[in-house]
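The next block holds one structure in the form of structure tokens; read it before the comments.
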Amino acid sequence: MHTLFCTKYVFNSLSEAGYGVGLRAIELLSFREKGCRKERSIIQMLNFVRTTVWKSLFGRPADDLQISNAKKNEYYIYDNDPVTCKYISNSNAARCAAYTAGIINGILDAAEFTCTVSSILNNNRMVFVIAFTSKVIARDSS
Amino acid sequence: FFLGCGAQICRKSPMVYIAIVGKGDVLIYEAKLPGPSSGKVPPENQLQFIVHQALDSLDHKTWSGTSMYLKQVDTFNKMPVSAFVTAGHIKFMLLHSSSLEENAIKQFFYEVYRLYIKVAMNPFYLKNTPITSSAFNDRVRTSARNFFMR
């Protein structure tokens, strides 16, 4: 039973499940919370994810948002206490943040900010690494 | 785009044409709705092409502001095409006569947005697939009658 839980397939499925949630979350939250306004730049969009989305899903805004120093297309969202990993009594608990990573991915893809999102545990904080495609970066800088 | 089997007759009945376009220019929903009485109406098989043609200027206008309602993005033979882009970049496009008030169009788009969100929230509805719900169809027609037939 333990080995079944550790396969990559489980976490990919979690990611896909979160993706569907993300697609729906952006429509609903833009309508309810943002008063029918859509975001234009990467920073605005990530702030929307960090505050509005996190508040409605988890009851509090995410802890931090940073841009990578090295790579210009990577952004980090920090979450000190991810809900999806809380009560899992298994060494792979941290990988369950793939669900939230899927949610973020769905939201950004729907808003035409194509990216890949992965979750990494770093210093006891969960980091969501958001890597945008070059097309998005080019559009954002213009 | 799927070609409708429309007749070549140019009807004079008042009409407004709505098309909902998803990602990759996929047509999700289309309908000919009752509208205010005014001039000619293009033949059916041209409707999709007119809307398709407006997509370029719509894309350009989407990224120039944060509001979802983009008033008029294109014209065809003096018939304006108005558009509305949702947060998930689903485009609602309306081909109508120039006598239609902007406020009525805006209210109609918000109403269709509300109805679209209800469809999208359904976990069995895959994004970018055709909307086949008859309730959605009925409610879109009712709101068109409410906003456009004055």
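The values are calculated or read from the model by the stated rules, or taken from the named source; none is laboratory data. These numbers were taken from a predicted model, which means no experiment stands behind them. All Cβ positions, glycine included, derive from the backbone under ideal geometry; neighbour counts span all protein chains shown. Calculation scope for accessible area: heavy atoms of the full protein, side chains included, ligands and nucleic acids excluded. Shrake-Rupley method; radii C 1.70, N 1.55, O 1.52, S 1.80 Å.
Across the stretch A:46-66, the number of residues qualifying as within 21 Å of A:Ala98 (Cβ to Cβ) and within 13 Å of chain B (Cβ to nearest Cβ) comes to 2.
Criterion applied to A:Tyr99, A:Tyr87 was being touching a Gly at 6+ places or on another chain (Cβ under 9 Å) and open to solvent by 50 Å² or more (accessible area, probe 1.4 Å), and the one residue passing it is A:Tyr99. Comparison of B:Asn77, B:Asn128 shows that the only residue that is at positive phi, open to solvent by 20 Å² or more (accessible area, probe 1.4 Å) and either of a type in the set (A, V, I, L, M, F, W, C) or within 12 Å of chain A (Cβ to nearest Cβ) (or both) is B:Asn128. Could you tell me which residue of the stretch B:1-53 is modelled with the highest pLDDT, considering only residues that are of a type in the set (Phe, Trp, Tyr) and under 10 Å from the mean Cα position of the chain (by Cα)? Restricting to residues being of a type in the set (Phe, Trp, Tyr) and under 10 Å from the mean Cα position of the chain (by Cα), the top hit is B:Tyr29.
The selection criterion, being more than 14 Å from every other protein chain (Cβ to nearest Cβ) and either under 23 Å from B:Thr66 (Cα atoms) or surrounded by 21 or more Cβ atoms within 10 Å (Cβ to Cβ) (or both), does not hold for A:Asn123.
Given the condition over 23 Å from B:Ser64 (Cβ atoms) and basic (Lys, Arg), answer yes or no: does some residue in the stretch A:34-49 qualify? Checked the stretch A:34-49: no residue is over 23 Å from B:Ser64 (Cβ atoms) and basic (Lys, Arg). Comparison of A:Arg24, A:Arg37 shows that the only residue that is of a type outside the set (Phe, Trp, Tyr) and surrounded by fewer than 20 Cβ atoms within 10 Å (Cβ to Cβ) is A:Arg37. Going by the structure shown, is A:Ser118 within 30 Å of B:Thr129 (Cα to Cα), away from chain B (no Cβ under 14 Å) and within 15 Å of the chain's Cα centre (by Cα)? The answer is yes for A:Ser118. Restricting B:Ser64, B:Ser97 to those that are open to solvent by 10 Å² or more (accessible area, probe 1.4 Å) and within 12 Å of another protein chain (Cβ to nearest Cβ) reduces the list to B:Ser64. Of all residues assigned to the stretch B:109-121, none qualifies as being of a type in the set (Phe, Trp, Tyr), farther than 19 Å from B:Val26 by Cβ, open to solvent by less than 10 Å² (accessible area, probe 1.4 Å) and more than 14 Å from chain A (Cβ to nearest Cβ).
A search for C-beta distances below 8 Å between a residue of the stretch A:29-56 that is of a type in the set (Gly, Ala, Ser) and any residue that is open to solvent by 30 Å² or more (accessible area, probe 1.4 Å), counting only pairs 6+ apart in sequence or on different chains, returns A:Ser30/A:Arg37; A:Ser41/A:Asp140; A:Ser56/A:Glu33.
Regarding A:Phe11, is this residue more than 16 Å from the chain's Cα centre (by Cα), modelled with pLDDT of 85 or more and of a type outside the set (Lys, Arg)? When the stated conditions are applied, A:Phe11 does not pass them. One residue alone among A:Asn73, A:Asn12, A:Asn69 is open to solvent by 40 Å² or more (accessible area, probe 1.4 Å), more than 14 Å from chain B (Cβ to nearest Cβ) and farther than 20 Å from A:Gly102 by Cβ, and that residue is A:Asn69. Taken over the stretch B:20-61, the criterion of being crowded, with 18+ Cβ neighbours inside 10 Å, of a type outside the set (Val, Ile, Thr), within 14 Å of another protein chain (Cβ to nearest Cβ) and under 22 Å from B:Asn137 (Cα atoms) is satisfied by B:Gly22 alone. Every condition in (1) under 30 Å from B:Lys106 (Cα atoms); (2) in a loop (DSSP other than H, G, I, E, B) is met by A:Arg60 except one, and the failing one is (1).
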